[in-house]
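Below: one structure, written as structure tokens.
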Amino acid sequence: MAENYDLIIIGGGPAGLAAGIYASRRKLKTLIVAKNIGGQAGYASQVENYPGYESIGGFELMQKFQKQAEKFGCGFKYEEVLEVKKEKDLFVSKTSGGEYKSLALILAFGMTPRNLDVSGEKEFLGKGVAYCATCDGPLFKNKIVAVVGGGNAALESILYLSKIAKKVYVVHRRGEFTGEAVLVDKIKNEKNVELVLDSVVTGIKGNKFVKSIGVENTKSKEKSEILLDGVFIEIGHVVNAEPIKKLVKLDENNAVIIDSDCQTNVPGCFGAGDVTNIKFKQIVISAGEGAKAALSAYKYLQRLQNKENPLFDWGKK
């Protein structure tokens, strides 16, 4: 038999956890469903741009979010969401561990970085392998790094890192970049940037931390090794929209379309953080969006309560 909640939040990153804090403080019966806690933020070895902390580990910060949500009564289920649908006035979330029903829903499961799928990538995650130059770049001051990718995200990361690192290698599988020409021109003028074009990374090596990457030229098949301290993988992010593709409207990138109040096209269903079509993807922004989504959900549930809902006895707020 399905468990019933006022609000279910899908996602355990900064958006989902912040939503859990705000919803639980409003005495909503709230459940967060996520495969793990932290999301992308949890992989950041150090976060130096979250207000109130000069420097804190990403996972440590997310643990603080979780502890605060639990303090106010938020529940957690560590399960994979397989499908979400709306049946009459209820949202039904089917997961790898069961089925849960709620009057309101917040989609906050973020995005997933595209992986290189090479040896050493998973082993050295947070130990020299990173997916966010803004988050981890300052940790590589005066060190040697590589950026893998050729789109705008990669180009912006290269420019940012060129001001911090001693040297930046750029490994790109094509002979030219796919990002904006103005960014390419700027990169070519950076003296500490070396282009390694028509090449792919074949593996990442190290001991406790990254020490080198293997590179293969796609045309000549010549193999080489680059000694360095860090690798920033910037080949894009994807949204796994499969569980919700029949529920809400998505944009061309499968991001959840929301308005200024975090409302989707489906009444009672809200979106927050990187999974949505907001422009900037940062921890502090996701947390703020999560709080806003929770407050919007609370207002929605207050309106429902006035219509006498037989499933939940909330009492007076």
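The values are calculated or read from the model by the stated rules, or taken from the named source; none is laboratory data. Remember, predicted model here, so these are calculated numbers, not experimental data. Glycine also receives a Cβ, built like all others from the backbone with ideal geometry; neighbour counts cover every protein chain displayed.
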(request) May I ask you to verify whether residue 146 is surrounded by 23 or more Cβ atoms within 10 Å (Cβ to Cβ), within 20 Å of residue 160 (Cα to Cα), among the aliphatic types (A, V, I, L, M) and modelled with pLDDT under 95? (result) no
(message) within 30 Å of residue 103 (Cβ to Cβ) and among the small types (Gly, Ala, Ser): which single residue out of 206, 268, 230 fits that description?
(response) 268
(message) If I ask for residues that are at pLDDT below 95 and either of a type in the set (D, E, K, R) or within 30 Å of residue 303 (Cβ to Cβ) (or both), which ones from region 217-242 would you list?
(response) 234, 239, 241, 242
(message) If I filter region 82-104 for residues that are under 19 Å from the mean Cα position of the chain (by Cα), in the same structural domain as residue 32 (by TED's automatic domain parsing) and buried (at least 20 other Cβ atoms within 10 Å of the Cβ), do I get at least one hit?
(response) no
(request) Kindly indicate the residue of region 105-145 that is aromatic (Phe, Trp, Tyr) and part of a loop (DSSP other than H, G, I, E, B) and also farthest from the chain's Cα centre (by Cα) among those meeting that condition. (result) 124
(request) Examine region 38-57 for a residue that is among the β-branched types (Val, Ile, Thr), out of contact with any Ser or Thr (no Cβ under 7 Å at 6 or more places or on another chain) and either free of Cβ contacts under 8 Å to residues at least 24 places away in the same chain or surrounded by fewer than 19 Cβ atoms within 10 Å (Cβ to Cβ) (or both), and state whether such a residue exists. (result) yes
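Can you name every residue in region 5-53 that is of a type in the set (Ser, Thr, Tyr) and not in a helix (DSSP H, G or I)?
Correct list: 5, 30, 45, 50, 53.
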(request) Considering only region 162-183, state which residues are in a helix (DSSP H, G or I) and either surrounded by fewer than 18 Cβ atoms within 10 Å (Cβ to Cβ) or outside the structural domain of residue 139 (by TED's automatic domain parsing) (or both). (result) 181, 182, 183
